[in-house]
Amino acid sequence: WRLRSNMIALQVGVSACLFLITAVGVTVLAAEHRDQTRMGLDRVALFNVPFSLQQTDDGRVRETVARTLAEVRQVPEIDAVAVSSMASSRTAARVTSLSRPFVPKIQDGEWTALASASPGAAQMLGLSLRRGRWFDDRDIDSSERTVILNESLARKLFSTTDPIGLPILARFEKIVAGGGQEQTVSMTVVGLTTDTRDSNDRVNSEMYIPFAQSSDLDVSILARSSTIDVGSMAMELRTAVHRVNPDVAISSAGRADLASRWLPGVVMKMATTVAASLAVMALVLSMVGLYGVLSHVVGRRMREMGVRVALGADPGQIMRLVLRDGFRPIVEGLVIGLGVAAVVRMSLQPAFTKTISAFDPIAFALAAGPLIVAGAI
């Protein structure tokens, strides 16, 4: 019985622990879905166009994109259209402040993610403006270089969240036909946005430059509509691009997924779905196995119980005996399994600060409850 009891405790502990750890991924995906719905990303169609495959230059890219946007704006069902590299590709840039008494060398500047955006793109992807302004028709190739920072980067560069009008120096790779070259540009901060979190729930330093002043060869065309679905918008975008330039390559089209800038959402969802299915299956098998083993043990002790009743034991004493011996390995397994899961969740918590908690009562109840019920039956 002792060996069998230890095996029951091990099975219960592993099942509960696996279920709780898998619940972390499910919680993260649920939070991502809520954020996308809250920001309206579920109504945004995204169309990735890798112009770099055609060995073109940024001037021709801007011309093609401008004509494409004009075509899409003629579709009455589409409310807004814009272009950005936020959801397709990003460039890492070195950034330093020019307003401090001591200005560090550009090669020692702050690493940040650099993305381009046309007027309206940032709002369409759910960014909120804290101070200053969005990009507009003033931000063209021949005008003063402008930039919008997120709050995290502003604090690192200026130790403040009011950097409007302050200059920064950025070094990044300028994309040209057939390759790239280093470019250092002085820019003026015109806006400040809220921080966004990636799929690992981390806040990253981010900066945005006007699409008209960028050299992005891989962009995403975005469209929003309140009347037609995302699939129909993607078809309209595809038609408009091919009407402007039939030779343009198209990599993908679908719903906008802000988190997929860092981790492909499809891969994460597939992995989480498989892990969640295995966790639920393990929990069900544990319930079935637990019930079978305990009922077998009780069945083998029927003669002992008969002797106890003959010697004067009442039904309540027999029930307490069965429950005590049956619940002991279950409780031992749950204490170990839930304890290990809590430690793992605590170690993951810094990376998912606002998404998961070390002790989630609902998840812990879902892991322990079915096993307790199966054991009690």
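Taking label points 7 Å from Cα along the Cα-to-Cβ direction, ARG303 and VAL284 give a separation of 3.8 nm. Residues whose amide H comes within less than 5 Å of that of VAL44, counting only those at least five positions distant or on another chain, are ALA256 (H built at 1.01 Å from N in the peptide plane). Amide hydrogen proximity for SER116: with H placed 1.01 Å from N in the peptide plane, the residues at 5 or more positions away or on another chain lying under 5 Å are SER85, MET86, ILE209. Calculated FRET efficiency, ASP162 to SER295, Cβ-Cβ distance, R0 = 56 Å: about 0.20 to the nearest 0.05. Taken one residue at a time, the phi angles of segment 327-341 give Karplus couplings (6.51, -1.76, 1.60, θ = phi - 60°) of 7, 4, x, 5, 5, 4, x, 5, 4, 5, x, 5, x, 5, 5 Hz. Gly and Pro are set to x. Just grab the label-to-label distance for SER186 and ARG243, each label 7 Å out from Cα along the Cβ direction, in nm (one decimal). About 4.4 nm separates the two model spin labels. Using 0.36 nm per residue and subtracting the Cα-Cα separation, the extra length available between MET346 and ARG145 on full extension is 67.9 nm. Efficiency by 1/(1 + (r/R0)^6): what FRET value for THR194 and ASN6, r their Cβ-Cβ distance, R0 = 51 Å, to the nearest 0.05? Given R0 = 51 Å and the Cβ-Cβ separation, E is 0.45.
Computed from backbone phi, the HN-Hα couplings of segment 123-140 come to 5, 5, 8, x, 7, 10, 8, 8, 9, x, 9, 7, 5, 9, 5, 6, 8, 10 Hz, rounded to whole numbers (Karplus: 6.51 cos²θ - 1.76 cosθ + 1.60, θ = phi - 60°; Gly and Pro given as x).
FYI, it's all coordinate maths here, none of it is from the lab. Note that the coordinates shown come from a computational prediction; the quantities given were computed from them, not determined experimentally. Note that we place each Cβ from the backbone using ideal geometry, even for glycine, and neighbour counts take in every protein chain shown.
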